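Chemist: Have a look at the structure that comes next, please.
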Amino acid sequence: MLLETALWIGVYDAEDRQALLGLFTGLKVGTNRAREFTTYIDEICQRDACRPAGLLQGLGVPTVLADGQLSGPQKLDSVRRVLRQARYPQLSTYEQRFQEAVRRLRLPPQISLRPPPYFEGQQYQVTLSFGQRQELQQYAQRLLDAAGHEALDVLLELL
């Protein structure tokens with residue numbers, strides 16, 4: 001475990017230390033991920049007036065850590081997603097709605113659609129990759145088709 005993380009854990013009482021120690025040793029997080037997790041946990045606990053042990057339990061983190069069906073990286077991603085959703089609930093909802101609407105558009109992988117950062121803007125960015133005139137024409141038609149799809153209305157509501 002990293003010294004910075006150990007020092008951060010040390011300021012908490014025994015129950016919280018045990019929960020945090022289980023989190024960090026169970027996931028074998030690196031420096032950047034440890035910093036990200038400690039920031040999320042601190043900010044959530046300050047906002048919601050809770051303790052780390054209660055927060056982690058309430059979010060189901062011990063269950064994820066004990067899940068034998070998940071690999072280490074899958075557990076890490078799952079815990080990160082849960083903490084991020086708890087820290088940024090509205091942004092997470094927007095991101096989920098965005099992903100669902102983009103899936104419904106059924107755009108090929110050569111066409112990517114990106115929202116403005118944090119959904120704080122008024123325009124999406126579309127990028128497409130092609131190597132032949134025919135591909136460009138095909139993808140342009142797919143974009144035109146998407147412009148008439150009801151999922152586009154959902155995307156526009158997110159702005």
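Chemist: If Ala66 passes every condition in (1) over 26 Å from Pro115 (Cβ atoms); (2) open to solvent by less than 70 Å² (accessible area, probe 1.4 Å); (3) at pLDDT below 95 but one, which one does it miss?
Modeler: (2)
Chemist: Within the group Asp145, Asp153, Asp42, which residue is without any contact (Cβ under 8 Å) to a residue 40 or more places away in the chain and within 30 Å of Gly26 (Cα to Cα)?
Modeler: Asp42 is the lone residue from the list that is without any contact (Cβ under 8 Å) to a residue 40 or more places away in the chain and within 30 Å of Gly26 (Cα to Cα).
Chemist: Could we say that Ala86 is open to solvent by less than 50 Å² (accessible area, probe 1.4 Å), touching a Ser or Thr at 6+ places or on another chain (Cβ under 6 Å) and closer than 21 Å to Val11 by Cβ here?
Modeler: The answer is no for Ala86.
Chemist: Got a number for residues in the stretch 105-159 being within 20 Å of Thr93 (Cβ to Cβ), out of contact with any His (no Cβ under 7 Å at 6 or more places or on another chain) and either open to solvent by 100 Å² or more (accessible area, probe 1.4 Å) or not in a loop (DSSP other than H, G, I, E, B) (or both)?
Modeler: Here the count works out to 16.
Chemist: Only one of Gly72, Gly121, Gly68 is over 30 Å from Val29 (Cα atoms), out of contact with any Pro (no Cβ under 6 Å at 6 or more places or on another chain) and among the small types (Gly, Ala, Ser); which?
Modeler: Going through Gly72, Gly121, Gly68 in turn, the sole match is Gly121.
Chemist: Within the stretch 14-49, work out how many residues are modelled with pLDDT under 90 and among the β-branched types (Val, Ile, Thr).
Modeler: Number satisfying all stated conditions: 3.
Chemist: I'd like the residue in the stretch 7-33 that is basic (Lys, Arg) and more than 17 Å from Asp67 (Cα to Cα) and, out of all such residues, is most open to solvent (accessible area, probe 1.4 Å).
Modeler: My answer is Arg17.
Chemist: From Val82, Val64, Val102, grab the single residue that is without any contact (Cβ under 8 Å) to a residue 40 or more places away in the chain, closer than 30 Å to Tyr124 by Cα and among the aliphatic types (A, V, I, L, M).
Modeler: After ruling out the rest, the residue left standing is Val82.
The values are calculated or read from the model by the stated rules, or taken from the named source; none is laboratory data. Note that the coordinates shown come from a computational prediction; the quantities given were computed from them, not determined experimentally. Counting neighbours? That spans all protein chains shown, and the Cβs are built from the backbone with ideal geometry, glycine included. What goes into the accessible areas is simple: the full protein's heavy atoms, side chains included, and nothing from ligands, DNA or RNA. Shrake-Rupley method; radii C 1.70, N 1.55, O 1.52, S 1.80 Å.
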